[in-house]
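S.K.: Pasting a structure below so you can have a look.
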Amino acid sequence: MSFKDNILNEFDPLANNNNASRSSDSASNINEPHKESIDDENKKTNDGGHIKPVVNKNNVKNTNKDDINILSDIPAINAERETETVVSNNLKEKHQYGDNDRVNNADHLPVAQINETKEEIDSNDNYYDFQEFLEQFKKPTAEPLVKYTRSFLHNFLTQRSIWTTKEQTKLINDFKVFIFDKFLIYEPFKSMDKTSLNNAQEGIEKLIMGKLYNNCYSPNLKKLLKNKLIKLDDGHEQDLEDDLLIKRKFSEFGFIKPTYLDISFKDANKKSNIIIDRFINISGQELDKINKFKSPRDKIVCILNSCKVIFSILKHNKLEQNGADSFIPFLIYSLLKNKIMNLPSNLNYIERFRHEKFIKGEASYYFSSLQAAVNFIMNMDKSSLTIDNEEEFDKLYQDNQVKLKLMTEEIEKEKEHVEKVRSRHISQTSPSEYITKPLDEAANALAFKFNDLISTFSDPMHTHNTEVSEISVENANSEESDDLDYIVGMINDKENRHILKNLTSMFPDMLPEIIEDICLAKKYNLGECVDALLSLSD
Amino acid sequence: MLQFKLVLLGDSSVGKSSIVYRFVKDSFDEFRESTIGAAFLSQTITLEENNQVIKFEIWDTAGQERYKSLAPMYYRNANAALVVYDVTAPDSLMKAKSWIEELKKKVGNEELVICLVGNKVDICEEDDTKRKIEFEEAKDWANDENLLFYEVSAKTGYNVKEVFQKIGEQLYEYKKAEQANKGTQDNSNITSNIRLQEPQASNPTSCC
């Protein structure tokens, strides 16, 4: 039985070892123009023409007749996919008349590799447009690929309620190798140049990881299994233990001063300290977005942007020539101050599910640095620090311990209080609860749509979705609750204002008008703006 | 074009980052842009002998003793290592030697190109009494250990380009031999992209 039959019928993901060794990047070297007009493509879609629906429910049901538990999972996948299609078209329309033409802008490159865009010998590995990939994926000629993917996703989600981390890594990697090979057989991928093929490979990774996120990212998997009363496997459990460990270390050592980590700068005065704190804060905001994105690539971009902000601290303080001697301590300091949740889980997730061919260059350096810094903090104790004045350190440490204890007590009290209120509430079960419920559901559904839209379709540089749920909830109550474009626009505006504000505070000597001009030119991509402003201030 | 990962190791005051800064600044090439990041730099060179283009991705590490434990995260999958000491500081050669021992033990790559570099020779030129490590002493040790060896000055640029040329040549030789070993089954041109990243087996963020 060929692998093709295998995957379509009784796909046993663990059995497909024979595909693992195939080369995945034997790319064709045909140099044809890689970029079709997405706008044209989009019109075709909207005209309801010849593009097949992405998901064929009957097909899925037929091929998996014998599976247990199909129905609970598959419709969910379908619904999600359909939502995506609708939402993405909306998003595009928005972009067609908006002046921030991000999604369709072929020139727009991720900050990760802007420095390499002039590389002439290599193909442009850094070109990235998920929308374009989806359009290609939807073409009739690519239908077998859609089937393979759907079948893989279905089997992954239904064959077992839990895979170990090792199994997951292998299954997903094997599937990528398999589908990368299939790209060479089916149009429109078959005749693509290297750059577009690379984009398609990125696209498929993002697509499947978006679907499998809740089963692969340890904190979400835990929530998922809690409802089914299934125990986590050791690998995922370890991620969560590490998350907890680093959380404790963040609290224990959150008070430390830069000097404890060998951070020193020439004119350490109050003003420069305030500026540094501001930068540290912004780098934290960027890194925090790692928890808002599902695809490994998007998460890496969050890391990269955060590190770019730290680099600008070094530049401002003329420390950049010290390289890693300065960078690593600042990175660790930033982590301790910002206390971002679930970093170990995120890093392991990226390590497991980012295809190895994409782990390279500057982004890879910062990824490894973050891994190293996280390890350092997990093992941190007094001996990890440079302590000139032991007495002072001990006092700060003790004060912090007292503060932590008080905080824990307060949280406990709060919990008790909440419990009490809740139990009273339940016993009274006011009718109003039922009346408000549908509204909440509408809000949730909308929030879900947006989470999905943003985490699946956009780059971390483009959207700031901390505010997503707030905004969507606000709007769910208004008559415009279904006006997705409006909300997308609001999110963009809000995010842009936020970036402008951050940059103005990072570069106080620069004229605000200049900063705004650069933001416009760089399409409000924080990493690129920082690079441009730094070179200006040189 | 061939692409290689080079890791920089050495004590914090030996000026390892300065050597790379000097290298990247002096190798200005109007056709190819280099990257100067916080601690990551990339630079292409052309081998004099055969015009082979080589791109270095340079990974800097923190030299402070307390961050020593982070180094494995940086040197995994490296193709080359530049281990730097300061010719005016005797301790720094000791540290360089311990890095080299660690590299040989931990990096399971027999073709890892290691180059030992003594920096700050400009200081000795001004005042020879400042020199604490003799050229011959370090050179002999490097020979015994089968390493490349140079004395350089990041300040004046002395020998900096040569270091990277030499490392590039050595890497190219290894690559060529590897291709030859593969024999006829793989006819791919040596200049085509070669995958250098190896799968990462270890799970680096779990602490135990």
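The values are calculated or read from the model by the stated rules, or taken from the named source; none is laboratory data. Because the structure is a prediction, the values reported are computed rather than measured. We place every Cβ from the backbone using ideal geometry, glycine too, and count neighbours over all the protein chains shown. What goes into the accessible areas is simple: the full protein's heavy atoms, side chains included, and nothing from ligands, DNA or RNA. Shrake-Rupley method; radii C 1.70, N 1.55, O 1.52, S 1.80 Å.
S.K.: If you take the accessible area of B alone, add that of A alone, and subtract the area of the pair, what total do you get in Å², probe 1.4 Å, to the nearest 100?
M.R.: Using a 1.4 Å probe on protein heavy atoms, the buried area is about 4200 Å².
S.K.: Return the FRET efficiency for the residue pair B:Asn50, A:Glu412: r is the Cβ-Cβ distance, R0 is 51 Å, and the value is rounded to the nearest 0.05. Numbers along the way, then the final one.
M.R.: Working: r = 71 Å, r/R0 = 1.39.
Computed FRET efficiency for B:Asn50 and A:Glu412: 0.10.
S.K.: Also, I was wondering about something else. Considering the alpha-carbon set of the range A:130-216 alone, what are its Rg and its Dmax in angstrom?
M.R.: Calculated on Cα positions, Rg and Dmax stand at 13.1, 39 Å.
S.K.: D for the range B:31-107, whole µm²/s, Stokes-Einstein with Kirkwood Rh over alpha-carbon pairs at 37 °C and 0.692 mPa s: what number?
M.R.: Here the translational diffusion coefficient equals 226 µm²/s.
S.K.: For the pairs A:Lys222/A:Lys292; A:Lys147/A:Lys228; A:Lys294/A:Lys405, flag any whose C-alpha to C-alpha distance is greater than 24 Å. Spell out each step's value before the answer.
M.R.: Details: A:Lys222/A:Lys292 17 Å; A:Lys147/A:Lys228 29 Å; A:Lys294/A:Lys405 35 Å.
Cα-Cα > 24 Å for A:Lys147/A:Lys228; A:Lys294/A:Lys405; rest within.
S.K.: Separate question: Distance from the Cα centre of the range A:314-355 to that of the range A:224-248, in angstrom?
M.R.: 24
S.K.: Can you give me the solvent accessible area of B:Asp86 with a 1.4 Å probe, rounded to the nearest 10 Å²?
M.R.: Accessible area, nearest 10 Å²: 10 Å².
S.K.: Continuing with this model, one more query. If you scale each eigenvalue of the Cα gyration tensor by 5 and take the root, what three semi-axes come out for the range A:234-385, rounded to whole angstrom and sorted largest first? Could you put the intermediate results ahead of the total?
M.R.: Details: eigenvalues 129, 68, 34 Å².
Equivalent ellipsoid semi-axes, largest first: 25, 18, 13 Å.
S.K.: Give me the inter-chain shielding for A:311-324: mean count of other chain Cβ atoms within 10 Å, whole number please.
M.R.: 5
S.K.: What do you reckon, how do B:Val87, A:Val418 stack up by accessible area (1.4 Å probe), largest on top?
M.R.: Values: B:Val87 0, A:Val418 65 Å².
Largest accessible area first, the list is A:Val418, B:Val87.
S.K.: Right, here's the next one. Using DSSP to call loops (not H, G, I, E or B), can you name the GluC sites (Glu not before Pro) in the range B:68-129 whose Cβ has at most 11 other Cβ atoms within 10 angstrom?
M.R.: Hits after loop and neighbour filter: B:Glu110.
S.K.: A follow-up question, please. Quantify, in whole percent, the carbon and sulfur part of the accessible surface of the range A:234-385 (1.4 Å probe; protein heavy atoms only).
M.R.: 50
S.K.: Among A:Phe327, A:Ile310, A:Ile275, whose Cα projects farthest towards the positive end of the dipole of the range A:234-385, with charges put on the beta-carbon of Lys, Arg (+1) and Asp, Glu (-1)?
M.R.: Ranked along the dipole, the leading option is A:Ile275.
S.K.: Run the dipole for the range A:234-385 about the Cα centre, Lys and Arg Cβ at +1, Asp and Glu Cβ at -1, nothing else charged, and hand back the magnitude in debye, nearest 20.
M.R.: 640
S.K.: Under a Cβ-only charge scheme (Lys and Arg +1, Asp and Glu -1), can you give me the dipole magnitude of the range B:83-191 about the Cα centre, in debye to the nearest 20?
M.R.: 440
S.K.: Hey, how many Å between the Cα centroid of the range B:80-117 and the Cα centroid of the range B:131-181?
M.R.: Using only Cα atoms, the two centres lie 11 Å from each other.
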